[in-house]
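Comments concern the structure below.
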Amino acid sequence: MERLKQQDAAADAEGAGSTPLTDEQKESIADARRDHEAKVAEAEILFRSKLVATLDPEARQELEANHRRDLGQFASSRDKKIEAIRKGGQAS
């Protein structure tokens, strides 16, 4: 129990320097997340249409690898934008 109290105290100390988000920042973060969801949805549609048309197993694996890479890039971009917004800047 004591260990949990210490962990809670340490977490509070780490979060003490953070400032609450403004309404503008919250809206910008929501926009970044919506953009990410739209890109993922578009990529899913394109991926599935290409996958249906591809019969070669090696080509399918390559399509899947490219799709996973694209999704990772989208998530990374979203996370960078959100971090920049939280630090006070406006990321486009």
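The values are calculated or read from the model by the stated rules, or taken from the named source; none is laboratory data. What you see is a predicted model; the values in this text were computed from it and never measured. FYI the Cβ positions are ideal-geometry reconstructions off the backbone, even for glycines, and counts take in every protein chain you see.
Please determine, by comparing only the residues of the stretch 24-65 that are of a type in the set (Val, Ile, Thr) and surrounded by 12 or more Cβ atoms within 10 Å (Cβ to Cβ), which one is farthest from Ser76 (Cα to Cα). Step by step, filter the stretch 24-65, then rank; the result is Thr54. Residues of the stretch 36-69 that are touching a Phe, Trp or Tyr at 6+ places or on another chain (Cβ under 6 Å) and of a type in the set (D, E, K, R): Lys39 alone.
Of the helices (runs of 4 or more DSSP H) entirely within the chain, those holding at least 1 residues that are at pLDDT 95 or above occupy 23-53, 57-86. For the stretch 32-43, the set of residues classified as in contact (Cβ under 8 Å) with a residue 12 or more places away in the chain and either among the acidic types (Asp, Glu) or closer than 17 Å to Arg68 by Cβ (or both) consists of Asp35, His36, Lys39, Val40, Ala43, listed by residue number.
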